[in-house]
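Working notes for the structure below.
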Amino acid sequence: AWRTMHVKSDVFCSASITLPDKGGRQLNVGGWNYDSVWGVRMYLPDGSPGQPSFNDWDENYNEIHLLAARWYPTALIMMNGSVLVVGGEQGPNGAPSPSLEILPFTGGGLVELDYLARTDPLNLYPFLTVLPSGNIFIVYYNEARVLEPVNFNTINQLPNIPGTVNDFTAGRTYPLEGSMMLLPQYAPYTDPLTVVICGGSSSVGGGGAMAIDNCVTTQPDGANPVWTM
């Protein structure tokens, strides 16, 4: 039982999350070009067992849109339920959007991130996670840092992420895309959270990029986190 859905703008290379509520609302932000890069879209499933859903995507650029144009951003649900939107570019291969913003809007503006400006365009779709401490862990290109969740100031900058034995500058985020995951935690949940990053690519150069065939781990909440290959 499939049915056609209708988005009002182009969601290519946008960011999506499922909100933490019983309704299973889906939020999609950013997009491909023109008004799409400002897009804020919501879908609320309204079906029930044995009954189809009729709702469609809800989007109105004139009522709500992002504070910055974003193509290839990342979205994250924070501990208080707010949605953090980070990074991207102002359209296909455009100028960077080296900033973050919070949904729903509460009167705050953009928080500029100089490290995203410096590493553009190798930091798209940055990796984000909430740590047990409540702080935010962000990975972009071959760098990583821990941010406090109020003003997003840097608490700790980790050593650069090792790439390969012959190319330390290899990156992990798009367009050198790898993947980040969290390892399971077990009761009594006192051990630090371990993050694993796999794949990526050597920096784009005259000879072309080469895929990374390794994984690295770290414990961002540790006193002096390092990377293990």
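Here are a few things to note about the model shown:
- Amide H contacts under 5 Å for Glu143: Ile161, restricted to partners 5 or more places along the chain or on a different chain, H placed in the peptide plane at 1.01 Å from N.
- Extent of region 57-189 along its three principal axes (Cα atoms, max minus min coordinate, largest first): 50, 43, 29 Å.
- Across region 136-213, the relative contact order, built from alpha-carbon pairs under 8 Å that are at least six residues apart, equals 23 percent.
- Of all accessible heavy-atom area on region 5-115, the percent that carbon and sulfur account for (1.4 Å): 55 percent
- Calculated Rg and Dmax of region 1-40 using C-alpha coordinates, Å: 11.6, 33
- For the chain, size of Cβ-based charge dipole, Lys and Arg +1, Asp and Glu -1, in debye: 220 debye
- For the chain, the longest site-free run once trypsin sites (Lys or Arg not before Pro) in DSSP loop states with at most 16 other Cβ atoms within 10 Å are removed: 26-229
- If you take the alpha carbon atoms of the chain and fit the smallest convex hull around them, that volume is 160 Å³ per residue.
- Amide H partners (placed H, <5 Å) of Met210, local residues excluded: Ser202
- Share of pairwise Cα separations in region 1-113, more than 16 Å, in percent: 60 percent
- Coupling constants for region 44-51 follow from the phi torsions by the Karplus curve (6.51 cos²θ - 1.76 cosθ + 1.60, θ = phi - 60°), and in residue order they are 10, x, 10, x, 8, x, x, 10 Hz; glycine and proline get x.
- Percent of C-alpha pairs per 10 Å bin, region 55-103, short to long: 25, 45, 28, 2
- The phi-based Karplus calculation (6.51 cos²θ - 1.76 cosθ + 1.60; θ = phi - 60°) puts the 3J(HN,Hα) values of region 167-176 at 8, 5, 8, 4, x, 10, 9, 4, x, 9 Hz, whole numbers, x for Gly and Pro.
- Looking at region 1-57, the accessible area is 66 square angstrom per residue; that uses a 1.4 Å probe and ignores ligands, DNA and RNA.
- Couplings for region 148-158, taken from phi via the Karplus curve 6.51 cos²θ - 1.76 cosθ + 1.60 with θ = phi - 60°, read 7, x, 9, 9, 6, 6, 6, 8, 8, 9, 7 Hz in order; Gly and Pro are left as x.
- Mean residue ellipticity, 222 nm, helices only, the chain: the sum of -39500 (n - 2.57) across DSSP H runs of n ≥ 4, divided by residue count and rounded to 500, is -500 deg cm²/dmol.
- Convex hull of Cα atoms in region 142-203, direction-averaged projection (nm²): 5.6 nm²
- Taking all protein chains together and rolling a 1.4 Å probe, Val130 ends up with roughly 40 Å² accessible.
- Amide H contacts of Asn33 (H built 1.01 Å from N, in plane; Pro and chain starts excluded): Asp10 sit under 5 Å, all sequence-distant by 5 or more or on other chains.
The values are calculated or read from the model by the stated rules, or taken from the named source; none is laboratory data. Remember, predicted model here, so these are calculated numbers, not experimental data. A quick note on method: Cβ atoms are made from the backbone with ideal geometry, for glycine too, and the neighbour counts reach across all protein chains shown. Please note that ligands, DNA and RNA were not included when accessible areas were found on the heavy atoms of the full protein model with its side chains. Shrake-Rupley method; radii C 1.70, N 1.55, O 1.52, S 1.80 Å.
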